[in-house]
Amino acid sequence: MTPFSLKIVTPDGLAYTGQAEEVIVRTTTGDLGIMAGHINCVAPLGMGKATIVIDGKRRYAACIGGMVSVVDGKVTLVPTTFEWADKIDAQRAEVSYQRAQDVLRNKNSTNTEIKLAEARLRRALVRKNVASGR
């Protein structure tokens, strides 16, 4: 596969810069696959597993929120959260998942608490799935 320039920048800093052969990310409307020669585009990122092919090897990450752009063959991911699978703290994701479940089971939770817990639950599920290799 033909490589292209990829930069992944988060609020915490640069997560990756270099060449890649393929990028698959979840946008708010579905998965987007990018290879060399992709047309220029900008899309909002959803919540899901990102697949990045570097030197013929697939790497996975939890990619949540933000945007992706392709401009003149250069791909830039600007996610709110980006965690390589091997860096995800699976125990922390499980604790977050359980806390969210507790709020959702509580009949006295406010609408705001429920909405925040639902978002926390979705993020935790993405992290758990990516960390487990699913």
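The values are calculated or read from the model by the stated rules, or taken from the named source; none is laboratory data. Everything numeric here is computed off the predicted structure, so don't read it as measured data. Here the Cβ is made from the backbone with ideal geometry for all residues, glycine too, and neighbour counts use every protein chain on show. Each accessible area value is taken on the protein alone, full model and side chains, heavy atoms only, with ligands, DNA and RNA left out. Shrake-Rupley method; radii C 1.70, N 1.55, O 1.52, S 1.80 Å.
The residue of segment 1-30 that is nearest to ARG122 (Cα to Cα), among those that are part of a loop (DSSP other than H, G, I, E, B) and open to solvent by 50 Å² or more (accessible area, probe 1.4 Å), is THR28.
For segment 59-104, which residues satisfy the criterion of being among the charged types (D, E, K, R) and open to solvent by less than 70 Å² (accessible area, probe 1.4 Å)? Of everything in segment 59-104, those that are among the charged types (D, E, K, R) and open to solvent by less than 70 Å² (accessible area, probe 1.4 Å) turn out to be GLU83, GLU94. Answer yes if at least one residue in segment 106-116 is surrounded by 12 or more Cβ atoms within 10 Å (Cβ to Cβ), among the hydroxyl-bearing types (Ser, Thr, Tyr), more than 24 Å from ASN129 (Cα to Cα) and without any contact (Cβ under 8 Å) to a residue 40 or more places away in the chain, and no otherwise. Checked segment 106-116: at least one residue is surrounded by 12 or more Cβ atoms within 10 Å (Cβ to Cβ), among the hydroxyl-bearing types (Ser, Thr, Tyr), more than 24 Å from ASN129 (Cα to Cα) and without any contact (Cβ under 8 Å) to a residue 40 or more places away in the chain.
Within segment 47-62, the set of residues being within 14 Å of the chain's Cα centre (by Cα) and without any contact (Cβ under 8 Å) to a residue 40 or more places away in the chain comprises ALA50, THR51, ARG59. Only one entry in ALA131, ALA36, ALA20, ALA43 is touching a helix residue (DSSP H, G or I) at 6+ places or on another chain (Cβ under 8 Å) and not hydroxyl-bearing (Ser, Thr, Tyr), namely ALA131. What are the pairs, 6+ residues apart or on separate chains, where a residue within segment 68-87 that is in contact (Cβ under 8 Å) with a residue 40 or more places away in the chain and farther than 14 Å from PRO3 by Cα has its Cβ under 8 Å from a residue that is surrounded by 14 or more Cβ atoms within 10 Å (Cβ to Cβ) and of a type in the set (Phe, Trp, Tyr)? So the pair list comes out as TRP84/TYR60; ALA85/TYR60. Out of all the residues in segment 31-58, which are open to solvent by 60 Å² or more (accessible area, probe 1.4 Å), under 17 Å from VAL70 (Cα atoms) and touching an Asp or Glu at 6+ places or on another chain (Cβ under 9 Å)? Hits for segment 31-58 are MET35, ASN40.
Of all residues in segment 62-98, exactly one satisfies the criterion of being assigned to a strand (DSSP E or B) and of a type in the set (Lys, Arg), namely LYS74. For GLY37, the conditions (1) out of contact with any Ser or Thr (no Cβ under 9 Å at 6 or more places or on another chain); (2) small (Gly, Ala, Ser); (3) under 27 Å from MET1 (Cα atoms); (4) assigned to a loop (DSSP other than H, G, I, E, B) are fulfilled apart from (1).
Okay, residues lined up against (1) farther than 17 Å from ILE8 by Cβ; (2) at pLDDT below 95; (3) not aromatic (Phe, Trp, Tyr):
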site	(1), (2), (3)
THR29	yes, no, yes
VAL42	no, no, yes
ASP55	no, no, yes
ALA93	yes, yes, yes
ARG99	yes, yes, yes
ARG122	yes, yes, yes
VAL126	no, yes, yes
